[in-house]
């Protein structure tokens, strides 16, 4: 009864690989992942199994025709034979997904959203800036710095023209 | 001590030794090619051996010589496997990478065989476009 369950589960292709009788105990259940798998890879052009396992009657007759001269096969038949054995052609398996566009769009979206959050914060969360930011205060600050001769050689006060009381041109 | 600068041969389709020993004789390109032609020319080659051979060959850092590919295509014919023959051509084009001149050269060299066996190129079937 275990054997019939295995037969139903795995189908025709696995029969030759799956049955392992162990000293009178019966048949070990075959896990899907232990069977050869199909995959399209550039570095391994001929996978272990054909892509289509159960052939329809037309496909079976096409396979019979394949045993003869290939020159008599039509273009569609040749393509059909290719698609029986392989899922995607090299061109199809190598093409890009365009996923990067979604990624960049997502990046811009979240940056934009963050910008909105920052604006909201400025309005509703942060209190006023200190009085030291007022323009009048700032003016007095600059005057004090000039009076103190801050960086008189190459920096701040060096740019002030003390004779004409203006910034140097 | 044999130098390993022969491993980087981008400009030609010549095959090079697959292993780099510091001792022992280095296999020449001709010996490598001959070995692989012999492998695929086995009259009773089976499907597993074809797959194993092709997958191994594609794993090397080279584009196989047309004469190796011809032997492989003929092996496909003996195994009545047209799909694999087309796949081999696709793999050669893919293996050439940025060197776009290799694939047309290989097709040119293989044209008599392709005509004789009736093997279409992926371009003829239109499967070279995604």
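Quick note: the coordinates plus some simple rules give every number you see, no bench work behind them. Computed from a prediction, not measured in an experiment: that's the story for all the values here. Backbone-built Cβ (ideal geometry, glycine too); neighbour counts: all protein chains shown.
Comparing A:141, A:66, A:53 in a Gaussian network model of chain A where C-alpha atoms under 10 Å apart are linked, the largest mean-square fluctuation is found at A:141. Taking the Cα centroid of region A:93-169 and of region A:47-91, what is the distance between the two, rounded to the nearest whole Å? Comparing the Cα centres of region A:93-169 and region A:47-91, I get a distance of 68 Å. Taking B:112, B:66, B:98 in turn, the Gaussian network model of chain B (Cα-Cα springs below 10 Å) assigns the largest fluctuation to B:98.
List A:109, B:40 from most exposed to least, where exposure is judged by having the fewest other Cβ atoms within 10 Å. List each step's numbers first, then the result.
Working: A:109 10, B:40 24.
Arranged by neighbour count, lowest to highest, A:109, B:40 become A:109, B:40.
Sort chain B into rounded, prolate or oblate with this rule: let a ≥ b ≥ c be the square roots of the eigenvalues of the Cα gyration tensor; rounded if a/c is under 1.5, and if a/c is not under 1.5, prolate when a/b is larger than b/c, oblate otherwise. Write down the numbers at each step before the final one.
Numbers: a/c = 2.24, a/b = 1.45, b/c = 1.55.
Taking the square roots of the gyration eigenvalues as a ≥ b ≥ c, chain B is oblate.
Within a 10 angstrom radius of the beta carbon, how do A:89, B:41, A:74 rank from fewest other beta carbons to most?
Details: A:89 23, B:41 15, A:74 8.
Sorted ascending by nearby Cβ count, the order is A:74, B:41, A:89.
Per-residue Cβ neighbour counts within 10 Å put A:35, B:50 in the sequence A:35, B:50, beginning with the fewest.
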